[in-house]
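Participant: Quick one: the structure is below, questions incoming.
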Amino acid sequence: MAKPADINPSSPAMEVRTPPKQESPNKLAGPATWVDERIGLAKLLGNIRKVFPDHWSFLLGEIALYSFVILLLTGVFLTIWFKPSMTEVEYTGTYELMRGIPMSEAFASTLNLSFDIRGGLLVRQIHHWAAMLFVAAMTAHMLRVFFTGAFRKPRELNWIIGVGLFSMALVEGFAGYSLPDDLLSGTGLRFVDGLVRSIPLIGTWVEFFAFGGEFPGSLIIPRLYMVHILLIPGLLLGLISAHMALLIYHKHTQWPGPGRTQRNIQGYPFFPIYVAKAGGFFFIVFAVAILMGAFMQINPVWIFGPYNPAQVTAGSQPDWYMGFVEGAIRITPNWEWHLWGTTWSWNIFLPGVGLMGLLFTALAVYPFIEAWITGDTSEHHLLDRPRNAPVRTGLGVAGMAAYGMFWLAGGNDILATQFHVSLNAVTYFMRVAVFVVPVLAFIVTKRICLSLQRSDVERVLHGSETGVIVRSPDGGYSEAHRPISPGEAYSLTRHPQPEALVPNGKQVGRLRGRLSRWYAQGQVPKPTAAQIAAAADHAAVGTEHDAAALDSGDSGETH
Amino acid sequence: MRFLASAGRQSLRRHKAARPVLLALSLFLVGAVYAAVAPATTSSAEGAPNEQLIAQGKDLFAVNCASCHGLNAEGLAQQGAPALTNVGGAAVDFQVRTGRMPMGNPYTQAQGQGQGKQNTFSDDEINALAAYVASLGTGPDVPTEDQYSPDGLSAEDVARGGDLFRTNCSACHNFKGAGGALPNGYVAPSIENTDPAQIWEALRTGPGQMPVFASGAIPDEDVKKMIAYVEQVNATPSAGLTLGGLGPVSEGFWAWVAGIGSLVLAAIWIATRGARA
Ligand code: HEM
């Protein structure tokens, strides 16, 4: 037997030593310190004092974010009860008007959720209203970014991520809308089946692939369920994270103003002030969604009945965000080719697949097209006031007008019955309106922008109107003007004005030159420093010549 | 009564005694007509057409309907009014009770479709008109209550009625009978407040653009179930404000107006609130 070796009890290896007490480097105390020492919370929150500027329009994106959170919370509740199955069952629940009717398990479980699960109907309605708010807030947010030019360098990638989020939200909403397998959503699914089949050459194969055979088959609801609760929410989460990360990396844009430059940012620190504001806003959004869910009925599937391919109902409409596609298809004339025993349904492919493709492509490439036209390669952290980019603003409003016309056309039957006009008349009108109204909208919007620019110039040179009418000794009347503050004058004049590129045969070709001229045309020149100084002198002399000065202010305008 | 009132209007109106005399006369006539009609219903139920009733109907028809449909209900092409020789009493009962006939102006037919007009005929007059038209040829008769009354149906029956309604009617009238648009300015009207007898008659006579659903295709038993369904689905409480009940179009509208609208107001409030730091 081996004897154990002698141990030297005084060896330093044997000494029991406590590690030096670590002073936590920051002021976070208690549990925060505990977490920090394990996952580096403080470093994670290094950005905690990041500053966010304040403006209501910067909160539109937050509405979308919070609605998404509400969707996740309410969606989880729904998954507990919803059965994504197209197996036919006979309804035996409490809703008498469906008793004994054969329906899919999906529809039966939606009825169950609505009538037999405590709080189920409320959660369903909150979920659906939140979905409507989600897409609507996203749309509003996107329009804000567009009209203020926040998509310009360096934020083009975040804009593209946003377009991805927007398109995915539509798919997510559509998938969710289809899940209950009711008569309306089944008709919507039938509609999409038609879209898919209209794709030239491969349409039928795609249909068979997606539906596992001919419409409706028995696979589409389980598949849409997977798409709706796993695939798209996962992608949305990933894209939202990227969207937020880029936001923090780029920092938020801000409106021009005194002390605000391309290189600083004014506002409140993220912690604690912005957190308080944003947290409060979350609860407001949640409250609005709950109030809507509690007091406003949405998607009463029990009235629509279960989907049955042999049935269809008047007033079949998709949720609002798919309405523009529906409208485009409703008003497109019946263009079809019949070649060698095959059918080419341009009447569905062009307005359906084509229009959606056009919308998302146009949105995605716009930042690059605008930069190409203006030749602007600099970074922008200060926002444009919409009036100072008249062509962009005009294009945006024209796009909204076109979208709006298509959307209205999607409700042509409702318009016909509500306003007592003929369905055909609405349809013919819309066929023209989708082309004419956007052009008018562009022209009118650009005019309005230029007038607003003119009134800005007047305000800088002559000050704000006081409402005090002064009578001069020789009997003339004029309104007294009060000079505006230097800060306001700065805000009104700091914006760069686009200049037309001159075609040089190399990078700037004829087309680019012409577009660039079109883009820059008609801007009202900003007052120069000399003009402002002269106007100030003038104001010091007296106010009685204001009326005359007002007229001369107009001579600066170009046409 | 109608022709009497109009005759009085022309010749006697200005006479001082016109009013009291007319009143007395109409009271007398009401009594007389009642006496004539009251036994008529019982005898027609026995299957024997009542000559008096038919004669009265013929008179009413001559005054109110013949200008368009012809004196013998043979139809007048220049008025676009069809022959009524084989439409049956049910068609007359339906058209007059729902205010469609007598039509005001045939040229606004597509737009008007008799909507917004009130029936101004009494039950007796309608019975007389129906009896007269029924006597001209074939066609469905005015239904008796046991043909359309939805009383005594089980929950399953009513649910089955819903299924039938969605299969046969909702394409034009919408899933709960709220109505919908048809091409060329026609509409399928709301049937939410239509009386059961008139629903039965609409099916059997196919007014305007609506197809005829004969009893071979949909027996009376099924019609009762559909009638019961439409009645009950419109009586069920809703899950909150129905927002016009126009489906997704109005839901989208309210999501923007109420939802985004109130949240933007909240955002403005939050953004203008500074921090007291
Ligand atoms: C990401 C988490 C989500 C989960 C787990 C989820 C889950 C569900 C489930 C289980 C249903 C079917 C139950 C029912 O219809 O009552 C449903 C329906 C629906 N979902 Fe979602 N959802 C989520 C996100 C979204 C999003 C982001 C949108 C919209 C953009 C959306 C829109 C809808 C719609 C419109 C319905 C139909 C609801 C109705 O029946 O009225 N969902 N969701």
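Participant: From largest accessible area down, sort B:172, A:449; use a 1.4 Å probe on the protein chains.
Facilitator: B:172, A:449
Participant: Right, another one. Given the whole protein assembly as supplied and a 1.4 Å probe, what does the accessible area of residue A:94 come to in Å², nearest 10?
Facilitator: Rounded to the nearest 10, the figure is 80 Å².
Participant: Mind grabbing the interface size between B and A? I mean buried accessible area, both sides, 1.4 Å probe, in Å² to the nearest hundred. Spell out each step's value before the answer.
Facilitator: Numbers: alone 16940 and 30860 Å², together 42990 Å².
Answer for the B-A pair: about 4800 Å² buried.
Participant: Let me have the 222 nm mean residue ellipticity of chain A computed from DSSP H runs of 4+ only, each contributing -39500 (n - 2.57), with the sum over all residues rounded to the nearest 500. If you can, show how the numbers build up before the last one.
Facilitator: Numbers: 21 runs with 311 residues, N = 559.
Helix contribution divided over all residues of chain A: -18000 deg cm²/dmol.
Participant: Just how much of residue B:230 is accessible, in Å², when a 1.4 Å probe is used and the result is rounded to the nearest 10?
Facilitator: Its heavy atoms expose roughly 10 Å² to the probe.
Participant: For residue A:230, what accessible surface area do you get with a 1.4 Å probe? Give it in Å², rounded to 10.
Facilitator: 110
Participant: Of the accessible area of the protein assembly as shown, with the probe set at 1.4 angstrom, what percent is carbon plus sulfur?
Facilitator: Carbon and sulfur atoms account for 64 percent of the accessible area of the protein assembly as shown.
Participant: So how do B:166, A:517 rank on accessible area, 1.4 Å probe, biggest first, that is with the largest at the start?
Facilitator: A:517, B:166
Participant: Now for a different question. Report the antiparallel proportion of the DSSP beta bridges in the protein assembly as shown as a percent, rounded to a multiple of 5.
Facilitator: 90
Participant: Comparing the chain by itself with all protein chains present, which residues of segment A:304-328 are at least 20 Å² less accessible (probe 1.4 Å)?
Facilitator: A:304, A:311, A:312, A:313, A:314, A:317, A:320
Participant: Here's another thing I want to ask about it. Set the Förster radius R0 to 45 Å, insert the Cβ-Cβ distance between residue A:344 and residue A:364 as r into 1/(1 + (r/R0)^6), and round the FRET efficiency to 0.05.
Facilitator: The calculated FRET efficiency here is 0.95.
Participant: Strictly over 20 Å apart at the Cα level, which of A:446/A:506; B:176/B:224; A:251/A:277 would you flag in this model?
Facilitator: Flagged as over cut-off: A:446/A:506.
Participant: Roughly speaking, what is the centre-to-centre gap between segment A:463-488 and segment A:92-161 when only Cα atoms are used, to the nearest Å?
Facilitator: Taking the Cα centre of each part, segment A:463-488 and segment A:92-161 sit 54 Å apart.
Participant: Under 1.5 on a/c is rounded, so check that first for segment B:145-247, then, if it is not, pick prolate when a/b is larger than b/c and oblate when it is not; a ≥ b ≥ c are the square roots of the alpha carbon gyration tensor eigenvalues.
Facilitator: Note, shape of segment B:145-247 comes out oblate.
Participant: Assign one of three labels to chain A, namely rounded, prolate or oblate, based on the Cα gyration tensor with a ≥ b ≥ c the square roots of its eigenvalues; rounded applies when a/c is under 1.5, prolate when it is not and a/b is larger than b/c, and oblate otherwise.
Facilitator: oblate
Participant: Round to the nearest 0.05 the FRET efficiency obtained for residue B:24 and residue B:242 when R0 = 56 Å and r is the Cβ-Cβ distance.
Facilitator: 0.60
Participant: Hey, if we sort A:268, B:229, A:66, A:490 by accessible area with the 1.4 Å probe, largest down, what's the order?
Facilitator: Putting A:268, B:229, A:66, A:490 in descending order of accessible area: A:490, A:268, A:66, B:229.
Participant: Based on the alpha-carbon gyration tensor of segment B:113-190 and its eigenvalue square roots a ≥ b ≥ c, which shape applies: rounded if a/c is under 1.5, prolate if not and a/b is larger than b/c, or oblate?
Facilitator: Numbers: a/c = 2.16, a/b = 1.26, b/c = 1.72.
Judged from the Cα gyration tensor, segment B:113-190 comes out oblate (a/c at least 1.5, b/c at or above a/b).
Participant: So what's the gap between the Cα centers of segment A:402-439 and segment B:133-184, to the nearest angstrom?
Facilitator: 32
Participant: Residues of segment A:100-139: accessible area per residue at 1.4 Å, in Å²?
Facilitator: Counting only protein heavy atoms, the per-residue value for segment A:100-139 is 26 Å².
Participant: Taking residue A:153 as the anchor, which aspartates and glutamates have their alpha carbon closer than 17 Å to its alpha carbon, excluding any fewer than eight residues away along the same chain?
Facilitator: A:370, A:376, A:379, A:384
Participant: How many angstrom lie between the Cα centre of segment B:222-243 and the Cα centre of segment A:177-194?
Facilitator: Going from one Cα centre to the other spans 23 Å.
The values are calculated or read from the model by the stated rules, or taken from the named source; none is laboratory data. As the structure is a prediction and not an experimental result, all values here were calculated from the model. For neighbour counting, all protein chains shown are included, and Cβ atoms are generated from backbone atoms with ideal geometry for every residue, glycine included. When the accessible area is computed, the model is the full protein with side chains, heavy atoms only, and any ligands, DNA or RNA have been set aside. Shrake-Rupley method; radii C 1.70, N 1.55, O 1.52, S 1.80 Å.
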